[in-house]
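Below is one structure, written out as structure tokens; the observations come after it.
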Amino acid sequence: MSTVQVMLADRSYTIRIQRQCLRELGAVLKGDHGVSRTVLMTTRRVARLHAPELRAGLEDAGLGGAQIEVPDGEAAKTLRVAQRVYDQLIELGADRGTFLVGLGGGALCDLMGFVASTFLRGIAAVQVPTTLLAQVDASVGGKTAVNHARGKNLIGTFHQPRLVWIDPAALDTLPVREFRAGMAEVVKVAAIWDAAFFAWLEESAEAVLRRQPEPLAHAIRRAVEIKAEVVGLDERELGLRALLNFGHTMGHAIEAVNGYRRIRHGEAVAMGMIFAARLSESLAVVASPVSERIANLLARIGLPAAPPDWREQRQAHLHAIAVDKKVRDGAIGMVLLEEIGRATVRPIPPEGLLAGEF
Ligand SMILES: NC(=O)c1ccc[n+]([C@@H]2O[C@H](COP(=O)([O-])OP(=O)(O)OC[C@H]3O[C@@H](n4cnc5c(N)ncnc54)[C@H](O)[C@@H]3O)[C@@H](O)[C@H]2O)c1
Ligand SMILES: [Zn+2]
């Protein structure tokens, strides 16, 4: 069994990583957390694949079988869906002692966290992430969100979960494209924080992609440790946590320009990292070249290197960045690399991005 702690004073919590752990969650909630009631929130697709184990454990512990299903993926992250969930929680008689358990990918994590943080001014949330991206990123750190017609994640809160419960074996059913997309966030934390982990990924990428239990568990664990450490140092993104946005400035623009359905978040981040690494080189922020190593690793993982039609759509991408919520005083806080394993945030005026290339 492997656990990681997120250290945030009275909001500290445990992340448990263990194969086939879904069945045990109920007993741990009851025994260690004194929970007497849960509501499981999931999507139909994930419910079919992974809810039976989880539910059996919750029922054995006497925590009830209440379940709420929401639409799959990004379609769930709306205020309308949140409203429907509030209705159902009220109907189920959920109270301030109820623990909301979210089983699903990053979209479900974000919606469940948002509902948990707002219902009755905040109830306990337990994240049970089932995509690689959700296991290493969305389930940890307490950012919650729904989308607005004008942009992704524009409405949200900080609400740390009480527990994060990760079963790497749940990824066995994940489509390969989703798995690769999740790997982008693993590469990201290695690139900004841990050169040794980056080198390990260079050695082990294929084994992780084959989802071999040991290498997969190591990749998840180290990525989660890094995220937990960064969040423990800067919960509300006043400084250090912004480093986790490496690859995301251009990544978000690529998602906005190409459509969230066509491009997976992790794919956009992969392209964004290559862009940011090249920009770090052209602005001479790095001591030695890094973009080749990053591009090579991402290519081996099977992630795309540049958006389609970038040359024609360059202006559209730069415009999308200019309206991004991270622009302040006319400059973008761009995460650049000083070397593999070390990053920095530099204010760059939008036209400065013209120096960047894929
Ligand atoms: N809060 C945060 O800190 C944070 C961080 C990163 C990303 N996010 C958010 O996460 C979302 C993306 O998450 P995602 O990439 O997991 O996408 P997703 O939640 O849409 O899941 C991708 C697809 O995989 C399916 N799926 C989930 N688990 C499965 C399994 N075990 N087997 C088979 N299929 C499975 C889902 O049903 C869905 O169709 C975005 O909305 C993003 O904004 C949030
Ligand atoms: Zn991301």
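Here, the stretch 49-109 has an Rg and a Dmax of 12.4, 33 Å when only alpha carbons are counted. With semi-axes defined as the square roots of five times the eigenvalues of the C-alpha gyration tensor, the equivalent ellipsoid of the chain measures 34, 22, 18 Å, largest first. Remark on the stretch 37-157: ratio of C-alpha radius of gyration to 2.2 N^0.38 Å is 0.97.
Along the stretch 94-104 the Karplus relation, 6.51 cos²θ - 1.76 cosθ + 1.60 evaluated at θ = phi - 60°, assigns HN-Hα couplings of 4, 10, 5, x, 6, 9, 8, 10, x, 10, x Hz to successive residues, with x for each Gly and Pro.
Taking amide H atoms as placed 1.01 Å from N in the peptide plane, the amide H of residue 157 lies under 5 Å from those of 144, 145, each 5 or more residues away in sequence or on another chain. For the stretch 122-200, the alpha carbon positions stretch 40, 28, 24 Å along the principal axes, listed from largest to smallest.
Approximating the spin labels as points 7 Å out from Cα along Cα→Cβ, the residue 207-to-residue 342 distance works out to 2.9 nm. Residue 282 to residue 118: FRET efficiency via 1/(1 + (r/R0)^6), r the Cβ-Cβ distance, R0 56 Å, to the nearest 0.05? Given R0 = 56 Å and the Cβ-Cβ separation, E is 0.80.
Translational diffusion of the stretch 158-204, estimated by Stokes-Einstein from the Kirkwood radius over alpha carbon pairs at 4 °C in a medium of 1.567 mPa s, is 102 µm² per second.
The share of Cα pairs per 10 Å bin across the stretch 1-77, counted from zero up to the longest distance, runs 17, 40, 37, 6 percent. Amide H to amide H distances under 5 Å link residue 341 with 192, 193, 194, where only residues 5 or more positions off or on other chains count and H is placed in the peptide plane. Summed over all non-identical Cα pairs, the Kirkwood treatment of the stretch 157-307 gives a radius of 16.1 Å. Can you tell me the equivalent ellipsoid semi-axes for the stretch 159-242? Use √(5λ) from the Cα gyration tensor, largest first, whole Å. In descending order, the three semi-axes are 23, 16, 11 Å.
Taking the inverse of the mean 1/r over every pair of distinct Cα atoms in the stretch 75-134 gives a Kirkwood hydrodynamic radius of 11.6 Å. Principal-axis analysis of the Cα atoms of the chain puts helix 213-233 at an angle of about 80° to the longest axis.
In degrees between 0 and 90, to the nearest 10, how far off the longest principal axis of the chain does helix 195-209 point, with axes built from Cα atoms? Value to nearest ten degrees: 60. Relative to the longest principal axis of the Cα atoms of the chain, the long axis of helix 310-322 lies at roughly 60 degrees. With the convex hull constructed from alpha-carbon coordinates only, the stretch 246-358 shows a mean projected area of 6.4 nm² over all directions. Non-local lysine pairs in the chain, meaning eight or more places apart or on different chains, with alpha-carbon distances under 17 Å, amount to 9. Using all pairs of distinct alpha-carbon atoms, the Kirkwood hydrodynamic radius of the stretch 222-292 works out to 13.4 angstrom. In this structure, residue 96 and residue 72 have a Cβ-Cβ separation that, at R0 = 25 Å, corresponds to a calculated FRET efficiency of about 0.30.
With a Förster radius of 51 Å applied to the C-beta separation of residue 149 and residue 32, the computed FRET efficiency comes to 0.75. Here is the list for the stretch 70-172: trypsin sites (Lys or Arg not before Pro) lying in DSSP coil, each with at most 11 other C-beta atoms within 10 angstrom of its C-beta, are 96, 150.
Computed from the coordinates by the stated procedures, all read-outs in this text should not be read as laboratory data. These numbers come from a predicted model, not from an experiment. As a convention, Cβ positions derive from the backbone with ideal geometry for all residues, glycine included, and neighbour counts pool all protein chains shown.
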